[in-house]
Amino acid sequence: MRLLVIIPAFNEQEALGGLLDELEALPGDTGVELETVVVDDGSVDRTAEVARVHGARLLRLCRNLGIGGAMQAGLQLAHRERFDFAVQIDGDGQHPPGELHRLLAVARGSTGPDLVVGTRYRDNPGGFRSTRLRRLGSAWLCFVLRAVTRLAISDPTSGFRLYGARALRLFADTYPYDFPEPESLAMARASGLRVAEVPVTMRERQGGRSSISGYKSIYYMFKVTVAVVLAYLRTRRRGRGDKERDAVN
Amino acid sequence: MQSTEAYWRLSDGPGNWVFAAVCLVIALVLMRLILRERITLQGSMSYLVFLGVLGGMAVFPDVTGRIAHALGFSTLANFFFCTAIAALTILHLRALVTLSRVHLRSIALTQELAILQERLDRALAAGSALESPEHRV
C-alpha cells in the first residue's frame, strides 16, 4: 500500500525541519510504503531548501496559490502516481505525524471510508484545543454542514485528513482554493463519498502565523458558509450531469 | 407644465455632440490599445458596441426620446442612466467571468508546472546518478 504525505507549506522554514524529522522517525508499518512531498506555496524563506535537505519530494509553486491550490497540487500528484492514500499534514507542525496511524487504521478498516478527518474535539481531554472564538466558529460550521449536507462532523476545519482513492480522484479534479476544509467536506458528501472522523491529538503551531485572525475571521465565517452551500449544490448538479451523460453513452 | 409630446419635442435638438465626441475619443483610445496589442479585439467588442450605442443616443436624441417614451420612461435622463447602468453591469459581469476563468487557468498551470518541474528534477537526478563513476563499467 502506497501512502503520500502531502505537506503544504508557506514560509514554514522554522517548523518544517522538525516535522520532516518526525516523519522520518516514524516506525515502519508493514505493508505501507510512505513518501513525503512538500508543496512550497511560493515561500520567500528557506522552506524549499529545508525540504530538499531532508530528502522530501518538492513541488515548488511559482506563486502563492493558498492552502487549497497547494493541496490540490499534492493531490494531483498522488492521483497521477496512483497512490492508494494521501494524507495532509500542515507545514506548521500542528499535526503530529505520530497520530497518522489512527487515520490509517480507520481507512484500512472494514468500512473503508474515502475520507478520514482527524478531530481535536472528540475524546481529547488533554490535547490542544484552539481558542474559544475558533471553537465557536467551528460549531457554527458543524451546524451549517449538518443542515445542508446532513454530515455530522465535529471538527470541520481540521486539515489533518486522509484521502482514499475515490477522494483523490474527486479532489485532484476540483478542490476549493480559499479556506478549503469545510467546503471540501460538502463536496465529498455531495459526491457520495464516505466520510469518517477519528479523534487525534493536535498541538500548537510550531512556527509561522495563522492566516486567519482579526477581522479576517469574520470574512472567513461568511465566505465559508456561502461556499459550503454552493459547493454542495454544484457538486450534486455535476454528479447528476455525469450520471445522465453515462446513461446516454 | 409641458405636455409629454412637447417634452419629447424638446429633445429634438442638434444632439449632444460633446458627449458623442467623448464616446468617439474613448473608442479611439480602445482601438489604439487593440493595435498595440495591450487588449484583445474579442474582449473589447462589447465596449465598442456600448460606446456606439451611447454615441448614437447623443447624436440622435429624437430617436432616443421616442424609444425611451415607448419603454415608459418619463424623462430622457432616466432612460440614459438606466441604459448606462445596465450596460456597465453587463460589461463588468463579462469581465468578471473572463478574469475568473484566467485565474483558474493560472492556478492549474502553476500546479502543472510544479509537477512537471519535480518530475524533471527527479529524472535529472536519476540520470546524473547513473552517470556517476560507481555506475560506469
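Could you work out Rg/(2.2 N^0.38 Å) for chain B, with Rg from alpha carbons only?
That works out to 1.99 for chain B.
Pairs of Cα atoms under 8 Å, at least six residues apart: use those to get the relative contact order of chain B, whole percent.
Relative contact order of chain B: 23 percent.
In the Gaussian network model of chain A, springs joining C-alpha atoms below 10 Å, which of A:GLY164, A:GLY118, A:GLY98 carries the largest mean-square fluctuation?
Result: A:GLY98 has the largest fluctuation of those listed.
Divide the volume of the convex hull of the Cα atoms of the protein assembly as shown by its number of residues and quote the answer in cubic angstrom per residue.
253
Highest mean first, what order results for A:224-230, B:22-28 on Cβ atoms within 10 Å? Can you show the working numbers first?
Values: A:224-230: 19.0, B:22-28: 15.1.
The peptides rank, most packed first, as A:224-230, B:22-28.
What does the charge dipole of segment A:15-108 about its Cα centre add up to, to the nearest 20 debye, if the Cβ of each Lys and Arg holds +1 and the Cβ of each Asp and Glu holds -1?
I would put it at about 340 debye.
Figure the gain on full extension for A:LEU26 and A:LEU233 (residue separation times 0.36 nm, minus the Cα-Cα span) and round it to one decimal in nm.
Extra length from A:LEU26 to A:LEU233 when fully extended: 70.5 nm.
With springs connecting C-alpha atoms under 10 Å apart, model chain A as a Gaussian network and identify which of A:GLY69, A:GLY17, A:GLY109 has the largest mean-square fluctuation.
Residue with maximal mean-square fluctuation among A:GLY69, A:GLY17, A:GLY109: A:GLY109.
Which whole-angstrom value gives the distance between the alpha carbon centres of segment A:1-73 and segment A:93-126?
Going from one Cα centre to the other spans 19 Å.
Once you keep just the Cα pairs under 8 angstrom separated by 6 or more residues, what percentage relative contact order results for segment A:1-123?
Worked out over segment A:1-123, it gives 33 percent.
Can you give the alpha-carbon Rg of segment A:1-106 over 2.2 N^0.38 Å, where N counts its residues?
Dividing the Cα Rg of segment A:1-106 by 2.2 N^0.38 Å gives 0.99.
May I ask you to list the residues of segment A:165-189 whose amide nitrogen lies under 15 Å from a point 7 Å from Cα along the Cα→beta-carbon direction of A:LYS223?
What the label zone holds, given the 15 Å backbone N cut-off, is A:176-184.
How much mean residue ellipticity at 222 nm does chain A get from its helices, if each DSSP H run of length 4 or more adds -39500 (n - 2.57) and you divide by all residues, to the nearest 500 deg cm²/dmol?
The helix-only estimate for chain A comes to -15000 deg cm²/dmol at 222 nm.
Based on the Cβ-Cβ distance of A:ARG80 and B:ARG32, what FRET efficiency does E = 1/(1 + (r/R0)^6) give at R0 = 41 Å, to the nearest 0.05? Walk me through the numbers on the way to the answer.
Details: r = 46 Å, r/R0 = 1.12.
Computed FRET efficiency for A:ARG80 and B:ARG32: 0.35.
Work out how much length A:TYR215 to A:ASP45 would gain on full extension: take 0.36 nm times their residue separation and subtract the Cα-Cα distance, in nm to one decimal.
Here the segment from A:TYR215 to A:ASP45 would lengthen by 58.6 nm.
Using only the C-alpha atoms of segment B:53-114, find the volume of their convex hull and express it per residue in Å³.
81
Can you sort A:VAL39, B:VAL53, A:VAL195, A:VAL116 by how many other beta carbons sit within 10 Å, fewest first?
Fewest-to-most ranking of A:VAL39, B:VAL53, A:VAL195, A:VAL116: B:VAL53, A:VAL195, A:VAL116, A:VAL39.
List residues of segment B:41-75, by number, whose backbone nitrogen lies under 17 Å from a label position 7 Å along Cα→C-beta of B:LEU91.
Of the residues in segment B:41-75, B:41-59 have backbone N under 17 Å from the label point off B:LEU91.
Quick one: order B:ARG66, A:ARG120, B:ARG38 by neighbouring beta-carbon count within 10 Å, fewest to most.
Numbers: B:ARG66 14, A:ARG120 23, B:ARG38 9.
Ascending Cβ contact count within 10 Å gives the list B:ARG38, B:ARG66, A:ARG120.
Which residue, B:LEU113, B:LEU33, B:LEU88, tops the fluctuation ranking in a GNM of chain B built on C-alpha contacts under 10 Å?
Sorting by GNM fluctuation, first place goes to B:LEU113.
Could you give P(r) for segment B:17-56, binned at 5 Å from zero, as whole percent values over all Cα-Cα pairs?
6, 28, 30, 21, 11, 4
Since every read-out is calculated from the coordinates, none of them should be taken as a lab result. All figures in this text were calculated on a predicted structure; none of them were measured in a lab. Here Cβ is always computed from backbone atoms with ideal geometry, including for glycine, and neighbour counts include all displayed protein chains.
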